[in-house]
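First the structure, in the form of structure tokens, and then the observations on it.
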Ligand SMILES: Cc1cc2nc3c(=O)[nH]c(=O)nc-3n(C[C@H](O)[C@H](O)[C@H](O)COP(=O)(O)OP(=O)(O)OC[C@H]3O[C@@H](n4cnc5c(N)ncnc54)[C@H](O)[C@@H]3O)c2cc1C
């Protein structure tokens, strides 16, 4: 019998860790609080509609990208998985005209130049910096703090050859960089691709990925994506316990020796414990606040610098064919929605007609994502009364429908379904801190650092998940699952 690893959490990270653990010969059992696997990578069905709750784009979907290997090893991408690469990354309507951010970089440059010749210097900068990032291979063969030297050398050489953004640009946030454009259309198209408080390089990197043919939309959606990884884990002999919330990690003489489940005093022993959950739950609940982590404390105590980003997700089911509409539309309604004292000014709207997995029979699914950092507000409303929480959701839903109906007229009389998931909903089902959908998003002038995956003073505990590799996202979740197992292999001298 091999040594046993208990993995906490069956999100993409935990499932990936489970697969690499089995491939390395360990017994692997995952304990998951929810009734299904996948964590944030999820979807849910409402009547005739399957609502996708996650994937907009996946880095590593392109075959020769560095992350592709993880997705094929985990079974997330197979030879039969279709990847959809829309020609337009995002579109918007301005003064009655439709404009696009093209995924083909020459077209992007051409349309921006036509749209706003007075922006030529900053357009040239943008295009140059995106091109620099197009072929960067994230070094994921080994943990980030012990990288493969050959991969690292190749990355260094590539960066030297491609060049770097100038000093001034490097210090700007995405929002500050975008503010340099005079054209309101360009500003809007760029602003809905990424959080405005992140450093400008994040904009160049994400557009570099998307314009290089990576970052596609995986057909079948998020639940199917996670389902294939779960299947692979179970096919390799891994054991998945659903509805099994872990309440405590048992530490004896500085060694993690097992877990306890909520409502069950029995200890479940293991040789290694691999939490793939959010760092707050881990430190303050499962470890009872007894172990310090300067890395995480700094982040949890400075949410202004390390943004914990969540979303409110609105799904609309319409009995009409919307296949002629752009797949991702960014809309700025004339009147903002005031949520907890802050203005929501932008609607990121997606349609799913390219994929029959979401609905059929002449129907269409629309989803709207709103950046929402008001977890405490939603929580307080819910605690006041279900009615107060429901009423606020209804007020939000009515605002969205009112403004979307001007763009999607069938919404007026053919709306069949509306479903609103707030950060509180994500917290309830995915058990993440403040309903966060990614981990810490670094502010513009904050150094990007990864966590080493260990907690000082505890042996045989190896961390995985998006919280150890900010900004998070599916590729980081998966990579850290693999890294945690590689660290265990190193300890066990398994090559
Ligand atoms: C609306 C939305 C859109 C997104 N779009 C994209 C995108 O386009 N591209 C991209 O790359 N990423 C995207 N993401 C982010 C991506 O989903 C996450 O980064 C990723 O799924 C995180 O995976 P994880 O395994 O690290 O953590 P999680 O998904 O948080 O998984 C943790 C798991 O642990 C379980 N758990 C927690 N506590 C316990 C406990 N005490 N006991 C047992 N189990 C526990 C949870 O139930 C959960 O299943 C999106 C997310 C959302 C919500």
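Sort 150, 71, 399 by Cβ crowding within 10 Å, fewest neighbours at the top.
On the way: 150 10, 71 25, 399 19.
So the residues, fewest neighbours to most, are 150, 399, 71.
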Take the alpha carbon atoms of the stretch 283-353, find their center, do the same for the stretch 57-91, and report the distance between the two centers in whole angstrom.
23
What is the spin-label model distance, in nm, from residue 35 to residue 338 if the labels are put 7 Å beyond Cα along the C-beta direction?
4.0
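For the stretch 140-214, what is the per residue volume of the convex hull drawn over the alpha-carbon atoms, in cubic angstrom?
Details: hull volume 9.6 nm³, N = 75.
About 127 Å³ per residue, rounded to a whole number.
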Fewest-first ordering of 145, 271, 106 by Cβ atoms within 10 Å yields 106, 145, 271
Express the Stokes-Einstein translational diffusion coefficient of the stretch 86-212 in µm² s⁻¹, to the nearest whole number, given a Kirkwood radius over alpha-carbon pairs, 37 °C and a viscosity of 0.692 mPa s.
212
Determine one quarter of the surface area of the Cα convex hull of the stretch 357-411, which equals its mean projected area, and express it in nm² to one decimal.
5.3
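I'd like to know how the stretch 145-301 sits against the 2.2 N^0.38 Å rule of thumb: what's its Cα Rg over that expected value?
Relative to the rule-of-thumb radius for its length, the stretch 145-301 sits at 1.49.
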Within the stretch 192-230, find all residues whose amide N lies under 19 Å from a label point positioned 7 Å from the Cα of residue 80 along Cα-to-beta-carbon.
218-230
Show me the three semi-axes of the equivalent ellipsoid for the stretch 217-256, from the C-alpha gyration tensor (sqrt of 5 times each eigenvalue), largest first, rounded to whole Å.
31, 13, 10
Extension gain residue 248-residue 450, at 0.36 nm per residue separation less the Cα-Cα distance, in nm?
70.2 nm
Normalised by the residues of the chain, what does the relative contact order come to in percent, with Cα pairs under 8 Å and at least six apart?
23
Let me make sure I get this right: for the stretch 47-153, a, b and c are the square roots of the gyration tensor eigenvalues over alpha carbons, sorted descending. Under 1.5 in a/c it's rounded, otherwise prolate if a/b > b/c, else oblate. Which is it?
oblate
quick note, the chain, DSSP beta bridge pairs, % antiparallel (nearest 5) is 75
Label residue 107 and residue 304 with points 7 Å out from Cα along Cα→Cβ: what is the distance between them in nm?
4.3
Testing the spin-label approximation: label points 7 Å from Cα along Cα→Cβ at residue 387 and residue 154. State their distance in nm.
6.3
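When the Cα atoms of the chain are enclosed in a convex hull and the volume is divided per residue, what value in Å³ results? Walk me through the numbers before you get to the answer.
Working: hull volume 75.0 nm³, N = 495.
In the chain, the Cα hull volume divided by residue count equals 151 Å³.
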For a quick protection proxy, order the peptides 19-27, 45-53, 409-417 by their average other-Cβ count within 10 Å, most packed first.
19-27, 45-53, 409-417
Compute the separation of the alpha-carbon centres of the stretch 434-454 and the stretch 171-185 and state it in Å as a whole number.
23
Most exposed first by the Cβ proxy, i.e. fewest other Cβ within 10 Å, how do 192, 489 rank?
489, 192
For a label point 7 angstrom out from the Cα of residue 491 toward its Cβ, which stretches of the stretch 275-303 have the backbone nitrogen within less than 11 Å?
275
For the stretch 62-113, rounded, prolate or oblate, judged on the Cα gyration tensor with a ≥ b ≥ c (square roots of eigenvalues), a/c < 1.5 rounded, else prolate if a/b > b/c?
prolate
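With a ≥ b ≥ c taken as the square roots of the eigenvalues of the C-alpha gyration tensor of the stretch 386-430, please select rounded if a/c is under 1.5 and otherwise prolate if a/b is larger than b/c or oblate if it is not? If you can, show how the numbers build up before the last one.
Values: a/c = 2.65, a/b = 2.02, b/c = 1.32.
Judged from the Cα gyration tensor, the stretch 386-430 comes out prolate (a/c at least 1.5, a/b above b/c).
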Report the dimensions of the stretch 317-398 along its three principal axes from the alpha-carbon atoms, largest first, rounded to Å.
41, 27, 18
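No value in this document is a laboratory result; all are computed from the given coordinates. Note that the coordinates shown come from a computational prediction; the quantities given were computed from them, not determined experimentally. Ideal geometry is used to build each Cβ from the backbone, glycine not excepted, and the neighbour counts take in all protein chains shown.
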